[in-house]
Amino acid sequence: KCSVMAGVGKVEEGWTPPVFDKSEENKAMLDARVKGIFFMAHLTQVDVDTLVGAFENKVYAVGDILMTQGAEGDCFYVIESGKTDVIVDIEGSPTKVAEKDGEGENNFVGELALLYNAPRSATIKATTEVTSWSLDRTTFKTIMQESATSANDKHRAFLDKVPILNSLSDMEKMQLADALKVKVYKSGDLIIKEGDDGDDFFIVEEGEVVCTKNKGGAEVEVSPQLGAGNFFGELALLNDDKRQASVKATTPEVECLTIDRKTFKRMLGPLEEILKGQEYSP
């Protein structure tokens, strides 16, 4: 999540994000790209739609410079197609250190200067014709910050409704809310599987799930339906053991808040005895 992001700065009163025309195909491509970027995982669909609308198409020829090391960051790029070199000045010598292209996972560039209010950390040079989509600094920072704050506030309020967390202080709940990641599942999705390694703790925020165990080759339900405020997955983390049951989504959409193993041990360790006392949990 982007709690580490530097402040947005003053936005003019009445500011609205720009909207650039694009085809439905391009909208779908940008929607998928944005949703696949790890630091944008907290964005709502409304936020994603706003960003997609604000992306502006920019095409570069071979040898063109998309950004220069040391310059102020004014935009973020998604590379639709083409290849670029990432060049860093090392002791006065421009040195290629990586590539960015439209094919692999490294299909975006320019976020660091915007996230941290820092100068560009590298020069990006087109090595083929590049089709890209740029997002201006103000839109990037405003939407990212507002979404992160909104999600954090929502999760902080939700944690007050989780009985098992009542003993945590307000500060501990704020820290926990900041560490949460959201995962969404559809009905029938297997969220965790009996016998697998356990790396995450889950709190159900919306929807319902059920726990099952394999008994004689058949999946048998070993819990009632678990809904908002219920949790699962802690035993494998507390005991450094395999998952003791499977958990499946049973409603059209299930939204879970997840905490990784390291954060769980650090923040929820004091609740160990209470957590171990739960009757049903994988």
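The values are calculated or read from the model by the stated rules, or taken from the named source; none is laboratory data. Remember, predicted model here, so these are calculated numbers, not experimental data. Every residue, glycine among them, receives a Cβ derived from its backbone with ideal geometry; neighbour counts consider all protein chains shown. All accessible areas refer to the heavy atoms of the entire protein, side chains included, with ligands and DNA or RNA removed. Shrake-Rupley method; radii C 1.70, N 1.55, O 1.52, S 1.80 Å.
Picking from residues in the stretch 114-123 that are at pLDDT 90 or above and not small (Gly, Ala, Ser), the one that is most open to solvent (accessible area, probe 1.4 Å) is Pro119. The number of residues in the stretch 33-89 that are under 19 Å from Met144 (Cβ atoms), open to solvent by 10 Å² or more (accessible area, probe 1.4 Å) and in a loop (DSSP other than H, G, I, E, B) comes to 7. Residue check: Gly216 meets all listed conditions (1) open to solvent by 60 Å² or more (accessible area, probe 1.4 Å); (2) within 19 Å of Pro163 (Cβ to Cβ) but one, namely (2).
Look at Arg156 and say whether it is open to solvent by 20 Å² or more (accessible area, probe 1.4 Å), closer than 22 Å to Gly53 by Cα and of a type in the set (Lys, Arg). No. Checked against (1) closer than 18 Å to Val48 by Cβ; (2) open to solvent by 10 Å² or more (accessible area, probe 1.4 Å); (3) hydrophobic (A, V, I, L, M, F, W, C), Phe140 passes all but a single condition, namely (2).
Restricting to the stretch 90-113, count the residues that are assigned to a loop (DSSP other than H, G, I, E, B) and exposed (fewer than 15 other Cβ atoms within 10 Å of the Cβ). Walk me through it before giving the result.
First pass over the stretch 90-113, keeping only residues assigned to a loop (DSSP other than H, G, I, E, B): 91-92, 102-107, 110.
Retained after the next criterion (residues that are exposed (fewer than 15 other Cβ atoms within 10 Å of the Cβ)): 91-92, 103-106.
Qualifying residue count for the region: 6.
On the stretch given as the stretch 101-133, residues that are polar (S, T, N, Q), touching a strand residue (DSSP E or B) at 6+ places or on another chain (Cβ under 6 Å) and farther than 11 Å from Glu80 by Cβ total 4. Could you run through the stretch 1-32 and say how many residues are under 19 Å from Ser150 (Cβ atoms) and modelled with pLDDT of 85 or more? Number of matching residues: 2. Going by the conditions given, is Ser147 open to solvent by less than 30 Å² (accessible area, probe 1.4 Å), under 30 Å from Asp21 (Cβ atoms) and part of a helix (DSSP H, G or I)? So Ser147 fits the description; yes. Counting the residues of the stretch 124-149 that are more than 21 Å from Lys27 (Cβ to Cβ), of a type in the set (A, V, I, L, M, F, W, C) and modelled with pLDDT under 95 gives 1. Which one is farthest from Glu234 (Cα to Cα), of the residues in the stretch 197-216 that are in a loop (DSSP other than H, G, I, E, B) and modelled with pLDDT of 90 or more? Out of the qualifying residues, it is Gly207. Reported count of residues in the stretch 159-185, each being loosely packed, with under 13 Cβ neighbours inside 10 Å and part of a helix (DSSP H, G or I), is 3. Among the residues making up the stretch 22-32, a single one is within 16 Å of the chain's Cα centre (by Cα) and open to solvent by 40 Å² or more (accessible area, probe 1.4 Å): Ala32. Is it the case that Val254 is open to solvent by less than 50 Å² (accessible area, probe 1.4 Å) and modelled with pLDDT under 90? No, not satisfied. So which of Leu238, Leu226 is surrounded by 15 or more Cβ atoms within 10 Å (Cβ to Cβ), farther than 18 Å from Asp189 by Cα and over 22 Å from the mean Cα position of the chain (by Cα)? Selected residue: Leu238, the only one of Leu238, Leu226 that is surrounded by 15 or more Cβ atoms within 10 Å (Cβ to Cβ), farther than 18 Å from Asp189 by Cα and over 22 Å from the mean Cα position of the chain (by Cα).
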